[in-house]
Amino acid sequence: MIVAFVVSAGLVLALVFGVGIYNGLVRLKNNVGKAWSNIDIVLKQRHDELPKLIETCKQYMKFEQDTLEKVMKARAAVFSARETGNVAALGQAEGQLRGVLGGLFAVAENYPDLKTNQTFLNLQTRVSSLENTISDRRELYNESVNLNNTRLEQFPDSLVARFGSFKAFEFLKFDAAETQDVNVKNLFSA
């Protein structure tokens with residue numbers, strides 16, 4: 001009788017413990033999804049602002065079509081990667097877009113009328129603000145991914161994770177060029 005009680009109590013405790021682990025893993029998985037959704041919202045906001053910026057620039061930058069086309073191609077690549085949820089492709093496309101946006105803003109320095117245009121200044125500020133927000137949200141997303149992936153590797157969580165078909169997520173990494181020093185000379189040689 002006592003043995004049956006101890007075994008039953010042990011099974012109940014194991015079940016409660018397993019359910020707690022399972023619920024914790026669900027919470028982590030949902031936090032990764034929430035963090036990704038937050039990035040997606042800001043990417044869409046920036047995606048919507050870039051055509052306005054390009055149109056404003058077109059009015060002044062008649063001879064800079066190549067720069068404007070690069071921005072639009074990079075924007076399309078980010079959109080495509082975002083729509084498919086391809087984290088690796090998004091990171092690469094983001095790096096390209098950030099590079100060509102930097103080039104666009106550097107080239108804009110050659111156009112005094114554009115630099116004083118209030119619409120351009122507002123859009124430049126808005127896009128720069130969105131870039132900072134994307135960076136902050138990427139950090140939060142990667143932290144959520146790290147917490148999730150760590151728990152999936154820890155024992156006994158790994159057993160429950162296999163049973164519950166939980167999976168590791170990929171970190172959002174931007175192009176390695178973003179971590180390098182900016183060559184200021186190249187920015188002003190245009």
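Worth a mention:
- Residues that are touching a Phe, Trp or Tyr at 6+ places or on another chain (Cβ under 9 Å), surrounded by 13 or more Cβ atoms within 10 Å (Cβ to Cβ), in contact (Cβ under 8 Å) with a residue 60 or more places away in the chain and under 18 Å from residue 138 (Cβ atoms) occur at least once in the range 43-59.
- Only residues that are surrounded by fewer than 17 Cβ atoms within 10 Å (Cβ to Cβ), within 30 Å of residue 95 (Cα to Cα) and of a type in the set (A, V, I, L, M) were counted in the range 141-167, giving 1.
- When we screen 98, 82 for residues that are in a helix (DSSP H, G or I), within 26 Å of the chain's Cα centre (by Cα) and touching a residue at least 60 places away in the same chain (Cβ under 8 Å), the only hit is 98.
- The residues on offer are 123, 68, and the sole one that is crowded, with 19+ Cβ neighbours inside 10 Å and either in a helix (DSSP H, G or I) or touching an Asp or Glu at 6+ places or on another chain (Cβ under 7 Å) (or both) is 123.
- For the range 43-67, filtered to residues that are of a type in the set (A, V, I, L, M, F, W, C) and modelled with pLDDT of 85 or more, the residue that is nearest to the chain's Cα centre (by Cα) is 43.
- Of all residues in the range 157-190, those being in contact with a Gly (Cβ under 9 Å, 6 or more places away or on another chain), at pLDDT 85 or above and either β-branched (Val, Ile, Thr) or assigned to a helix (DSSP H, G or I) (or both) number 4.
The values are calculated or read from the model by the stated rules, or taken from the named source; none is laboratory data. Here the structure is a predicted model, which is why all the values come from computation and not from measurement. Cβ coordinates were reconstructed from backbone atoms using ideal geometry, including for glycine residues, and neighbour counts include every protein chain displayed.
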